[in-house]
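First the structure, in the form of structure tokens, and then the observations on it.
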Amino acid sequence: MPSANLTMIAPLEHCRSCGRPIVWARTPNRKAMPLDPEPTPRGNLVVSLTSEVLHAAMVSGPDRDGLRAAHKPLYLSHFTTCPHADTWRTKR
Ligand SMILES: [Zn+2]
């Protein structure tokens with residue numbers, strides 16, 4: 001699966017809380033969101049690169065099932081997977 005790992009298309013950074021690799025994406029309401037760079041079957045975000053900016057959009061239900069069936073890579077917000085997610089929430 002080419003470019004499935006987001007570090008191929010976006011700068012790799014590290015989570016300030018847990019040190020894991022993340023990449024930054026923009027949500028439809030223009031917020032910055034850290035993503036786990038590796039796709040996962042549990043993911044609920046589709047990612048697209050527009051004008052050099054990574055955009056992440058949430059998918060759910062049949063949309064998500066369809067993407068998964070088509071073997072499209074799905075990603076998770078690092079907010080979901082960070083072992084120190086509580087730290088993130090209190091900071092924002
Ligand atoms: Zn983290």
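Throughout, read-outs are computed from the coordinates displayed, never taken from laboratory work. This is a predicted model, so every value here is computed, not measured. Here the Cβ is made from the backbone with ideal geometry for all residues, glycine too, and neighbour counts use every protein chain on show.
Checking each residue in segment 1-24 for being away from the ligand (no atom under 13 Å from the Cβ), in contact (Cβ under 8 Å) with a residue 40 or more places away in the chain and within 13 Å of the chain's Cα centre (by Cα) picks out Ala4, Leu6, Ile9, Ala10. Would you mind finding the one in Val47, Val59 that is surrounded by 13 or more Cβ atoms within 10 Å (Cβ to Cβ), farther than 23 Å from Asp86 by Cα and in contact with a Phe, Trp or Tyr (Cβ under 7 Å, 6 or more places away or on another chain)? Exactly one residue qualifies, and that residue is Val47.
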